[in-house]
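Only the coordinates and a few stated rules stand behind these numbers; no lab work does. In this text the structure is predicted, and so the values were computed from the model without any measurement. Heads up, the Cβs are rebuilt from the backbone with ideal geometry, glycines too, and the neighbour counts pull from every protein chain shown.
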Amino acid sequence: EGSVRVSHSSIDVEAPPTSVPAVLLATTLLPKLRTSVDVSVLDNVAATEPFRIGVWSPWTSTGYFVVFGPAPENLIVAETIAGGADDTTLFGGQVLDSTSLGHYQLGSSYTVTFVVDKAAGSIATAVSGVDGTSASDSVNSRQFPAIFGNVQVSLAASASPGEGSSHAVLRNFGLMLPHQRLWAVKVDDPVERLILIALALAGLLLAGIKIVAVLLRQISRS
């Protein structure tokens, strides 16, 4: 079996042959999410998929992942996937689109970021490394509408080495949920707008009457 070891400073993912270790990093129904983590792939001997990390929806079985691919190419690619099996992460499925983000070196650290903004209809990712790797990609609601619905999305990492093995370490994980005014509702109906204006004016009038009454009492006592 594979193993996921978590400490205060790192998450260590080891995947021997035929194992599929996975770790769930975050789950939210909120429309905005920002995350960043440093990824180091230490071993990818004959591994089919040494490591991947991404956001996906268990409700629609769709996801958007950054994949650290097999040797000898050691490609880093961004993939949109549909029709996978629900578990800790999205397994299998059909790759609908794939974009190359560069190559990785064993043992080197690569910062992977995701910015989810359902309101804007966009999920963006970027990968950068000390070896000069610097690339970005994004998917929008027109290209990939399923994942942008009013459903939970999860951030998950996993390895699927097949008959090979892999080993990856995550460090400096950061998660931010930007301020989101979920309580605010814009009113476009003209009748409702007039009612709100009338209520606001009535409130001001009542406040004015209260102030005048207080002043009159003070005058009468003087």
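Computed values, structure above
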| quantity | calculated |
| --- | --- |
| Kirkwood Rh and Cα Rg combined as Rg over Rh, evaluated for segment 1-136 | 0.93 |
| Contour excess over end-to-end distance, with Cα ends at residue 42 and residue 75 and 0.36 nm allotted per residue | 10.4 nm |
| Ellipsoid semi-axes in whole angstrom, largest first, where each is sqrt(5λ) of the Cα gyration tensor of segment 66-174 | 24, 17, 13 |
| Sites residue 3 and residue 98 - FRET efficiency at Förster radius 22 Å, r taken between beta-carbons, to 0.05 | 0.15 |
| Sites residue 32 and residue 163 - FRET efficiency at Förster radius 35 Å, r taken between beta-carbons, to 0.05 | 0.30 |
| Segment 52-112: translational diffusion in µm²/s, Stokes-Einstein, Kirkwood Rh over Cα pairs, 4 °C, 1.567 mPa s | 107 |
| Estimated distance in nm for a label pair at residue 150 and residue 106, the labels positioned 7 Å out from Cα along Cα-to-Cβ | 5.0 |
| Cα centroid of segment 133-156 to Cα centroid of segment 76-103, whole Å | 11 |
